[in-house]
Structures are given as C-alpha cells and as structure tokens.
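Working notes for the structure below.
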Amino acid sequence: MKKLHILLLIMLASTTLYAQNSRQSKKEEREQKRLRKISLFREIEEGDNLYNREFSGGARLNTDGWTGFLEKGYRKNATIVNYFQLEFSEKRHPKQDRASRIIPIGGGFGISSSPFVYGKQNNFYQAKLGLGQKRLIGGKGNKNGVEVNAVYYGGVSFGMVKPYYLDLMNDSGDPNQRRVVKYTDDIRDDFLNRDLIYGAGGFTKGWNEMELTPGLHAKVGFRFDWARFNDVISAIEVGVNAEYYTKAVQIMIDEKAKSFFFNAYVGLQLGKRWNK
C-alpha cells in the first residue's frame, strides 16, 4: 500500500511538472511569435528598403509653369533604382497674368469679363518621356527619419503650340457683337485693345491647329521620402530642369520667342512599392 502511495505521488508530480513545462513552452512560443512580428514590422517600417518595384504619381510647380507625371521604377541594387517617367506640362511666360475687366452695358451698369491673358499669342504644352536613376544618399534609419536620394533624368519632349483665342467685341464696344479670334498681324491693334476684350476664347479653341515641336529635356534634383513604411512612397522632390526645342516658341506677342527653357521646381510624389 505504501508503494502505491509513492507511485501515485510520483505520477502526480510528473503530471504537474509536465503541465508547467507545457505552459512555459507555449508562453515562450507566443513570445517568440510576438518578437518575430515586431521584427518584421520594424523591418517594414525602419529597415533597408529593398522592394524591387514601385509606381507613383504626382505634380510639380515649376518657376515657369506646372507638371503632372507618372513614374514606374525598377530596383537595380540596394542603392539604385532605374525609372521611367511620363509627364505633361505647360509653360507660362513670366510676364503673363490672368486678368478681367468690367464691361459697361449702359445705365451705369457693367458686367465682368471672363478671365483672359493680355498679350498672349500661344499656349505651350509639353508631353515628355524619359529614363532616369534614383541613387540613395542616406536611408531614413528609423520610422521618423527621411530617406534622401539624388535623381537624374532625361528624355524626349514633344512641344505642342496651341493658338490662344480671345473673345473680341466690335469697334463700338457692343458686348452683343463679338468674334472669337486668334492673333494675326492683321488684327494686332484689335487683339491688343483692352477696351475690345470680352474675355478668353475658351480652352477648347485651337486644338485642331496645334503644331508639334520636338525637343530634349533633362533634370537633376534631390528626393526626400518621409513615408513611415517602406512600401509607401511619400516624397518631396526639388531640382532644376532644362529643355531644348528644335523651333523657337512664341508665347507672348511682344516677347522674344525661345527654344531653350530652364526652370527650378518642387514636386509632391505619392505611390506604392512591392516585390514582384
């Protein structure tokens, strides 16, 4: 009987010890899983950015206009990303300014004209396609850091020169008698007479008269990516851009036509990264 009691005590102690070890093992396993998740999260958030594909879009404000763009990137190695970029831009002459005027209609009353650009001859748009590289200068290091890259890029440009139209009143200034015209030397005096301008001729006018002017473009700059996670792109880019076209472009009537354009820019870029 005494041996039986001893055997039961040994079995009870073994069972208790096994249960304790089992609970301890499960606790350790849960802790290891938690640490692995933290490590993975930290790698996504703070670690080296090694995603091999990225796609983004954004807009830039240039000292001579604006740009919208789409970008597709392919990682070459840990520090270099090759990318293609498609852009659409408009050049604005530094002397052009949108304005409006009050047109008298009699009885001391007047109406406001639609906004127009005085002295403008053409709108100048550009479609650009190019290839560039983004080279890592400094990683963000932690979730509150900023990744800094140098960017350099170049490609072909297709300049699009579209005549600018004005809605002009007749010589008497009657707002009910108007014509929508583009600039020619024959109507220079009327086109530049503020008293005859009723407003702009409309954005849709002139597209069927557009002339194409091919060219080249290149830019250099720095991109600052502050996104918390490496699979997200949230960046500001600053730099300078140069463009040359095979034909001089006349934007303002009384200003010199230009073939070479140079500007500084600041842009906002948003997108995603992933592994193929």
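The fraction of accessible area contributed by carbon and sulfur in the stretch 214-258 is 68 percent, rounded to a whole number (1.4 Å probe; ligands and nucleic acids excluded). Segment Asn208..Phe262, full-extension length gain: 16.6 nm, with 0.36 nm per residue of separation and the alpha-carbon distance subtracted. Could you point to the residue in Gly215, Ile197, Tyr183 farthest towards the positive end of the stretch 182-227's charge dipole, with +1 and -1 charges on the Cβ of Lys/Arg and Asp/Glu respectively? Positive-most Cα among the choices belongs to Gly215. Accessible area of Trp226 (1.4 Å probe, protein heavy atoms only, ligands and nucleic acids ignored): about 110 Å².
Exposure check, 1.4 Å probe, all protein chains in place: Phe203 carries approximately 140 Å² of accessible surface. Annotation for the stretch 53-101 versus the stretch 157-185: alpha-carbon center distance of 30 Å.
Please work out how many pairs of lysine residues in the stretch 132-276 are eight or more positions apart (or on different chains) and have Cα atoms closer than 28 angstrom. Number of lysine pairs found: 28.
Summing Cβ point charges (Lys, Arg +1; Asp, Glu -1) relative to the Cα centre of the stretch 117-196 gives a dipole of roughly 900 debye.
The values are calculated or read from the model by the stated rules, or taken from the named source; none is laboratory data. A quick note: this is a predicted structure, and the numbers were derived from the prediction, not measured. Cβ sites come from the backbone with ideal geometry, for glycine too, and all protein chains shown count toward neighbours. Side chains included, ligands, DNA and RNA excluded: accessible areas come from the protein's heavy atoms. Shrake-Rupley method; radii C 1.70, N 1.55, O 1.52, S 1.80 Å.
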